[in-house]
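All remarks here apply to the structure that follows.
The values are calculated or read from the model by the stated rules, or taken from the named source; none is laboratory data. Fair warning: this is a prediction, and the values are worked out from it, not measured in the lab. Here Cβ is always computed from backbone atoms with ideal geometry, including for glycine, and neighbour counts include all displayed protein chains. Protein only, heavy atoms only, side chains kept; ligands, DNA and RNA dropped before computing areas. Shrake-Rupley method; radii C 1.70, N 1.55, O 1.52, S 1.80 Å.
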Amino acid sequence: MASYRTDDPERGGHTDSPPPPYHPEIPNYGTDTTVPPSYENIVDPTDSPPSYDSLYGKVKAAKRESGGHVDFFKKFMIILCGTIGCTVCIGLIMAIPISMIAMGSIYLNDCRIERFIPIYLIVGGCFGILKNISNIVQRIRNQKEEKEEENAKTNPFDGIVSCFLLAWFIAGNVWIYRVYHTVNYKDPSDPNYCDPALYLYAFWITTATYIFLAVTCCCICCAGLITMCFGD
């Protein structure tokens, strides 16, 4: 193997050393020792850093931009509501108002004790579908306009529908729960008769709303704990 003669000041003479390694990707590497390889040839400093558009990255960014625990909690809830999973849940919830319309229409004349129970299901289901469609359209419009959730436009129509649904839900509670102990499931000729499928569906769909609210409150409490952890 060929060798190069180099000065060795410690020994006062010359010594043999192997030739410098050859790197085929860098021109003149090992032959021109006066010009080191340029860093710009490997990494362009003008390139933008890689994107970490994840839920964890959004939460960390919200923590840096927030002015306190309350502001961070608000941003954290907005991030959760803006996830794809939330959008999928909104689409799945469409099945509930559709079933309400179906049950109310099938058993429209089968609840003598309270004739407004099937009407409650039909009207609530129609307005529920209307609100869900409006929410989905508004979210798609905001995404096309590349607006953040906190700066997104709100549709006044959604507020009107929400107020109506709240009032209608309260009325449904009165119609359903006040006849709970007197309803008759067996004799269609009895004035207190109501089809069991209709009444039980209306009862549990209304009760499930309270269960959902309780679970949501628990999730908000957990989100508050996460906020405190990130805030430390």
Practice task
For segment 175-196, state whether one or more residues are in a helix (DSSP H, G or I) and either in contact with a His (Cβ under 9 Å, 6 or more places away or on another chain) or among the small types (Gly, Ala, Ser) (or both).
Solution key: no
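Collect the residues in segment 189-213 that are farther than 16 Å from Ile119 by Cβ and either in contact with a helix residue (DSSP H, G or I) (Cβ under 6 Å, 6 or more places away or on another chain) or touching a residue at least 40 places away in the same chain (Cβ under 8 Å) (or both), keeping them in residue-number order. So that I can check it myself, show each step before the final result.
From segment 189-213, those farther than 16 Å from Ile119 by Cβ are 189-193, 196-197, 200, 204, 207-213; that's our starting set.
Selection gives Asp190, Pro191, Asn192, Tyr193, Ala197, Thr209.
Filtering segment 155-170 down to residues that are among the aliphatic types (A, V, I, L, M) and surrounded by 13 or more Cβ atoms within 10 Å (Cβ to Cβ), which residue is farthest from Lys131 (Cα to Cα)?
Taking segment 155-170 and keeping what is among the aliphatic types (A, V, I, L, M), we get 160-161, 165-167, 170.
Among the residues that remain, those that are also surrounded by 13 or more Cβ atoms within 10 Å (Cβ to Cβ) are: 161, 165.
Values: Val161: 7, Leu165: 9 Å.
Step by step, filter segment 155-170, then rank; the result is Leu165.
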Fill in the blank from the handout: By my count, helices (runs of 4 or more DSSP H) wholly in segment 53-148 with at least 1 residues that are at pLDDT below 65 and either open to solvent by 70 Å² or more (accessible area, probe 1.4 Å) or in contact with a helix residue (DSSP H, G or I) (Cβ under 8 Å, 6 or more places away or on another chain) (or both) are 55-65, 69-81, 84-93
